[in-house]
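Undergrad: Supplied in C-alpha cells, the structure appears directly below.
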Amino acid sequence: MKKNHNKFLWSIALFVQFLIIGNALGQVAYYSFTSSSGTYAEISGGTVSSSGSGLDDGIVSVTLPTSFVFNGTTVTTVGFSENGYLILGNTTTHGYTPISSTATSSGVISAFGVDLVANATTTETRWEQIGSEIIFQWKHFRRYLATPEQISFQIRLNTSNGQINIVYDGSSTIANSIDRTPQVGLRGSANSDFNARRLTTSIPTATPSWSNTTAASSNAHNVRFT
C-alpha cells in the first residue's frame with residue numbers, strides 16, 4: 001500500500017464508485033454513485049499492456065480472466081485505451097470523448113477520457129487480477145500539450161458484485177488550463193445511455209473540487225481539471 005503524498009485536488013486518493021442497485025438492468029442510469037478518499041495502491045504485477053515515452057492513442061485488447069457483468073451484459077474482453085477508458089466488448093476507438101462518442105460497443109467505463117500521452121519513460125498501462133477485482137492502471141500520463149503534468153489512476157472491476165471503482169492517485173504539476181477536460185463516468189451501448197459526472201466553475205459550486213461533482217445532464221459534460 002502506498003500512501004499518496006503528491007499534490008492534487010485533495011490530500012489523498014479519491015475513490016469514485018459506481019454500483020448497480022436493485023434488479024434494474026439495461027440502463028447505466030441505474031448505477032448509484034459515491035465518492036470518498038483513501039489510499040492509492042499501485043499495482044506492480046500482472047501484465048504491462050504498453051509502456052514508454054512514445055505512448056499516444058494506443059488501444060490493447062484484453063481478454064478478462066473472469067467475466068464481468070456490465071449493464072446487464074456479460075463482458076469477456078475490453079479495449080484498454082491509453083486515453084483513459086475501457087471499451088467493453090471490442091477495441092473500436094471512442095476517440096477523446098468516450099461517453100459522447102457515437103462509436104459502438106457494449107459500453108464504456110471512463111476514468112479520465114481525454115487526449116492523453118506519455119509523460120516519461122515510466123509511463124505505462126498495466127492490468128492485474130487480485131482476488132475478485134480486475135485492476136486496470138494508467139501510470140504517469142499527461143494531457144496532450146500539458147507540460148509538465150503527471151497523472152495516475154485505475155479502474156477496478158469487481159467481478160463478484162459488479163462494482164466499479166475509479167481511483168485517482170495524487171498528481172504532480174497540474175497544468176493550469178481548462179483545455180482537454182476529461183469525461184468521467186459510464187456509457188451503455190448507445191451514447192444516449194450515460195451516467196457521468198460534471199464539474200465547472202459554477203456547477204456544483206463556484207470553487208470546484210473533484211470530490212464534489214454533480215451528475216451530468218448531457219453526454220458531452222466533462223470534469224474540470226486544472
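The values are calculated or read from the model by the stated rules, or taken from the named source; none is laboratory data. Note that the coordinates shown come from a computational prediction; the quantities given were computed from them, not determined experimentally. Counting neighbours? That spans all protein chains shown, and the Cβs are built from the backbone with ideal geometry, glycine included. When the accessible area is computed, the model is the full protein with side chains, heavy atoms only, and any ligands, DNA or RNA have been set aside. Shrake-Rupley method; radii C 1.70, N 1.55, O 1.52, S 1.80 Å.
Undergrad: Specify the inter-centroid distance of segment 33-59 and segment 93-108, based on alpha-carbon positions, in whole Å.
TA: 20 Å
Undergrad: With label points built 7 Å along Cα→Cβ from the Cα atoms of Thr207 and Asn90, find their separation and express it in nm.
TA: 4.7 nm
Undergrad: Could you sort 181-188, 76-83 so that the peptide with the highest average Cβ count within 10 Å comes first and the rest follow in order?
TA: 181-188, 76-83
Undergrad: Continuing with the same structure: Summing +1 for each Lys or Arg and -1 for each Asp or Glu, what net charge is found among the other residues whose Cβ lies under 13 Å from the Cβ of Tyr31? All intermediate terms of the calculation are to be shown ahead of the outcome.
TA: Working: positive: Arg187, Arg197; negative: Asp193.
Summing Lys/Arg as +1 and Asp/Glu as -1 gives +1.
Undergrad: Let me ask you something else. May I ask for the percentage of alpha-carbon pairs in the chain that lie more than 33 Å from each other?
TA: For the chain, the fraction of Cα-Cα distances above 33 Å is 7 percent.
Undergrad: Below 12 angstrom from the Cβ of Trp210, what's the summed charge of the other residues (Lys, Arg +1; Asp, Glu -1)?
TA: +3
Undergrad: Quick one: pull the percent of accessible area on segment 47-179 belonging to carbon and sulfur, 1.4 Å probe, ligands and nucleic acids left out.
TA: Its accessible area is 47 percent carbon and sulfur atoms.
Undergrad: Using the Cβ atoms and a cut-off under 13 Å, what net charge is assigned to the surroundings of Ser50, where Lys and Arg are +1 and Asp and Glu are -1?
TA: Summing Lys/Arg as +1 and Asp/Glu as -1 gives -2.
Undergrad: Got a sec? Which residues in segment 143-175 would a label at Thr73 touch, if it sits 7 Å along Cα→Cβ and we count backbone N under 20 Å?
TA: So the set is 155-165.
Undergrad: Further question on the same structure: May I ask you to order 133-141, 86-94, 199-207 by the average number of other C-beta atoms within 10 Å around their residues, highest value first?
TA: Working: 133-141: 23.0, 86-94: 20.1, 199-207: 12.8.
Output ranking for 133-141, 86-94, 199-207: 133-141, 86-94, 199-207.
Undergrad: What are the extents of the Cα atoms of segment 86-168 along their three principal axes, listed from largest to smallest and rounded to whole Å?
TA: 39, 32, 17
Undergrad: For the chain, with a Gaussian network of springs between Cα atoms less than 10 Å apart, report the residue from Asn158, Asn176, Asn212 with the top mean-square fluctuation.
TA: Of the options given, Asn176 has the highest mean-square fluctuation.
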